[in-house]
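A quick write-up on the structure given underneath.
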Amino acid sequence: MSDKYFQLKISADTQVNDLVVGFLSNVGAEGFVEEGRVLVCYFSEDRWKPSFESDVTGFLNSLKGQGKISKFDVSVTTIRNQDWNKQWEESIVPVEVTENIVIKPSWKEYVGPAKIVIEIDPKMSFGTGHHETTRMMVQELERCIKGNERVLDVGTGTGVLAIAAIKLGAEFCVAVDNDTWSIGNSRENIERNGVADKIRLVKGEIESVQEDGFDIVAANLNRNTLIYIREDLYRKCRSGGFLLLAGVLTADEQDVTDYYGQVGFKLLDTRREAEWSALVLTK
């Protein structure tokens, strides 16, 4: 294990942490901590390259050119391993997503009124309920699930939405992701929560899922991916079923709604938190 780590701190005037995480995950970042609109990324010494600072600056400039942000700051510091590991673990605390649902890491205790406790041990601090998009999706699942539904979770990540769906009363869930790390992490979390008999993991794209006619389809992704797979999601959702979308910046909300309207979905409701929107549609 590396004794020295590089801490890359990125702040912007609007919430673009998910976009930056996607960019940096591909170049070897090993941990992320969110502090509001500040994203702290960690690289071990053997994975760090001086060009990463200029690379992420270029990426942020491209977001600026798209109008997603207007100001940002990037800084790099060197720290010892135990410092960032402790900070990462301390930053992940139980989150009461609703009155009845709490998401917590295994190393933290929860004492409170929530009846449904979901235990998530992430490899990175996403999919733990701290992010607005995760919270909104769980809230919408709680509203839509009445019991015995068949659910499809597209881009399952840590598996938190699939687990929430089963604990809320869904009969079965198919959880799909094209990332090997996500499949491994979600499998651990699904087993930890005792719902492995009701969730089937699929590694691949949405086309890898053989079933159609799901009562509820949930996709917490990003604008471009959601637009690209809209026809696939239409085929997977049964007539009268619900489609839950998140990962949409509020500025892109109308654009995504229009694209989904073109393939036959009707918007039922919108939930917003900070700069993010969650859409509830029906087929």
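Worth pointing out:
- Proximal lysines to K283, defined as alpha-carbon separation beneath 17 angstrom and excluding residues fewer than eight positions away on the same chain: K236, K266
- Set of aspartates and glutamates with alpha-carbon distance to K64 below 16 Å, sequence-local pairs under 8 removed: D13, D18, D55, D73, D252, E275
- Residues F59, F214 in ascending order of nearby Cβ atoms (within 10 Å, fewest first): F59, F214.
- Cross-link reach list, lysines versus K115, counting only Cα pairs under 17 Å and skipping chain neighbours closer than eight places: K104, K146, K167
- Top of S239, S51, S11 by mean-square fluctuation, Gaussian network on the chain, Cα under 10 Å: S51
- Virtual spin-label span in nm between E188 and K266, 7 Å along Cα→Cβ: 4.4
- Exposure proxy ranking for I227, I163, based on other Cβ atoms within 10 angstrom of each Cβ and starting from the fewest, stands as I227, I163.
- Under the convention that each Lys and Arg Cβ holds +1 and each Asp and Glu Cβ holds -1, the size of the dipole of the chain around its Cα centre is about 280 debye.
- Across G194, G204, G155, mean-square fluctuation computed from a Gaussian network of the chain (C-alpha pairs under 10 Å connected) peaks at G194.
- Highest-fluctuation residue, G65, G31, G213 considered, GNM on the chain with Cα pairs under 10 Å: G65
- Pairwise FRET efficiency - E207 versus I79, Cβ, R0 = 51 Å, nearest 0.05: 0.75
- Footprinting exposure proxy for E273, E142 (fewest neighbouring C-beta atoms within 10 Å first): E273, E142
- Simple rule: put +1 on each Lys or Arg Cβ and -1 on each Asp or Glu Cβ in the chain, find the dipole, and look at V248, F59, F43; the Cα lying farthest toward the positive end is V248.
Laboratory data are not the source of any read-out in this text; all were calculated from the coordinates shown. Values in this document were obtained by computation on a predicted structure and should not be read as measured data. Neighbour counts run over all protein chains shown; Cβ positions are idealised from the backbone, glycine included.
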